[in-house]
Amino acid sequence: MAYQRAANRQEVLAALSDHEVTTAPKLAARLNVCERTIHRYIKELRAAGAPIRGEAGMGFQLRRKPEGVANG
């Protein structure tokens with residue numbers, strides 16, 4: 001179960017990696033989970049430092065790093 005949750009969180013990041021706004025209903029359908037679970041994953045990913053912006057009802061987007069900022 002914990003493995004599936006981790007895999008789903010990685011899938012959320014992958015879905016957001018195109019830097020386009022994506023809604024919780026679309027993510028939920030893609031992962032076959034409820035919207036509440038998507039909101040929980042977003043909260044967990046943000047707590048781990050993922051640069052996700054947005055809010056419930058508006059959609060989510062992975063922020064781009066400013067040019068010249070190194071990874072890490």
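The values are calculated or read from the model by the stated rules, or taken from the named source; none is laboratory data. Model, not experiment: these values are computed from the prediction. Cβ atoms come from the backbone with ideal geometry, glycine included; neighbour counts cover every protein chain shown.
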- If a residue has to be in contact (Cβ under 8 Å) with a residue 24 or more places away in the chain, touching a helix residue (DSSP H, G or I) at 6+ places or on another chain (Cβ under 8 Å), of a type in the set (A, V, I, L, M, F, W, C) and in a helix (DSSP H, G or I) to count, how many in the range 1-54 make the cut? 7
- Give me a count of the residues in the range 11-47 that are under 18 Å from Arg64 (Cα atoms), modelled with pLDDT of 95 or more and loosely packed, with under 12 Cβ neighbours inside 10 Å. 1
